[in-house]
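One structure is given below, encoded as structure tokens.
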Amino acid sequence: MLPVVLLGGLLGAGCPAPGNDPDPTARARAGMVERQIAARGVRDERVLQVMREVPRHLFVPSDQASQAYADHPLPIGSGQTISQPYVVAFMTEQLGLKGTERVLEIGTGSGYQTAVLSRLAGKVFSIEIRPELAAEADRLLKEVGATNVEIRTADGFYGWPEEAPFDGILVTAAPEKIPEPLLAQLAPGGRMVIPVGGFYQELKVIERTPEGLRERSVLPVRFVPFVGEAERHRGDEDPR
């Protein structure tokens, strides 16, 4: 864990004083992208630019704001966390978004990943099982102008069938097995990015190709467990 410092300490030496800069956190975001994200292999310029733009400090509790642009996850309440910036950028890049896609997000959390997706996709449908997080995320997303987002308080295991199929599905909690309803809601040519596993987790990319589903593991990760109906399916055989 990095030491807690004042937000100005994250902006870098020589940064103008907040009163003279319309966006005093811009330098912190630029440094975050340069040192934590681009330096570790994320290359999609659209993703990098959005990571420079979205004010991550608004999506963390005020007592964590000084750490908003540091390279680690942060608690957001209700036993949940906001992923480290690199993981957000990496997962987003794996979707391969061009700007017109319909994307399903499972696990709204604080809404930060949702805000990133909203600037890269045509429409984002986000599901959060915890009502208090869904309500706060909805407020914050409106504050940052994410008008192409719909949030539902529900169990993400079942997806959002009436809006399916989706060109992209991004899951921010880890089931032990990939939920069958989510696989069914993936459009032809679409991609799902999902952490899978118990104590040991792997980030997987699932693509629906003309030959069927294609799966690859891309990164070892550590996410909070997928709760709700997914808990009943622990130990079940893989639906594929």
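Coordinate-derived values only; no laboratory data. It should be emphasised that the depicted structure is a prediction, and the values quoted were computed from it without experimental measurement. FYI the Cβ positions are ideal-geometry reconstructions off the backbone, even for glycines, and counts take in every protein chain you see.
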Could you order peptides 111-120, 185-194 by the average number of other Cβ atoms within 10 Å of their residues, highest first?
-> 111-120, 185-194
Please quote Rg/Rh for the stretch 68-108 to two decimal places, taking the Kirkwood radius as Rh and restricting both calculations to Cα atoms.
-> 1.03
Partners for residue 123 among aspartates and glutamates (Cα-Cα distance below 12 Å; same-chain residues under 8 apart left out) | 101, 105, 150, 163, 167
Choice from 195, 225, 210 with maximal GNM fluctuation in the chain (Cα, 10 Å cutoff) | 210
³J(HN,Hα), Karplus 6.51/-1.76/1.60, whole Hz, each residue of the stretch 145-159, x for Gly, Pro | x, 7, 8, 9, 10, 10, 10, 10, 8, 6, 7, x, 3, 8, x
With r as the distance between the Cβ atoms of residue 199 and residue 49 and R0 = 41 Å, compute the FRET efficiency 1/(1 + (r/R0)^6) and round to 0.05.
-> 0.70
For the chain, report the translational diffusion coefficient in µm²/s to the nearest whole number, using Stokes-Einstein at 20 °C, 1.002 mPa s, and a Kirkwood Rh over Cα pairs.
-> 118
Across 174, 39, 121, the residue with the highest GNM fluctuation in the chain (Cα network, 10 Å cutoff) is 39
Cα pairs beyond 13 Å in the stretch 98-155, in percent, come to 49
What is the log10 of I(q)/I(0) for the stretch 36-94, computed with the Debye formula using one identical point scatterer on each Cα and no solvent, at q = 0.14, 0.19, 0.30, 0.31 Å⁻¹?
-> -0.38, -0.67, -1.29, -1.33
May I ask for the Kirkwood hydrodynamic radius of the stretch 127-236, worked out over all distinct Cα pairs and given in angstroms to one decimal?
-> 14.9
Square roots of five times the Cα gyration tensor eigenvalues for the stretch 48-134, Å = 21, 16, 10
Evaluate the distance, in nm, between pseudo-label points positioned 7 Å from the Cα of residue 222 and of residue 154 along their respective Cα→Cβ axes.
-> 3.3
On Cα atoms only, tilt of 85-95 relative to the major axis of the chain in degrees = 40
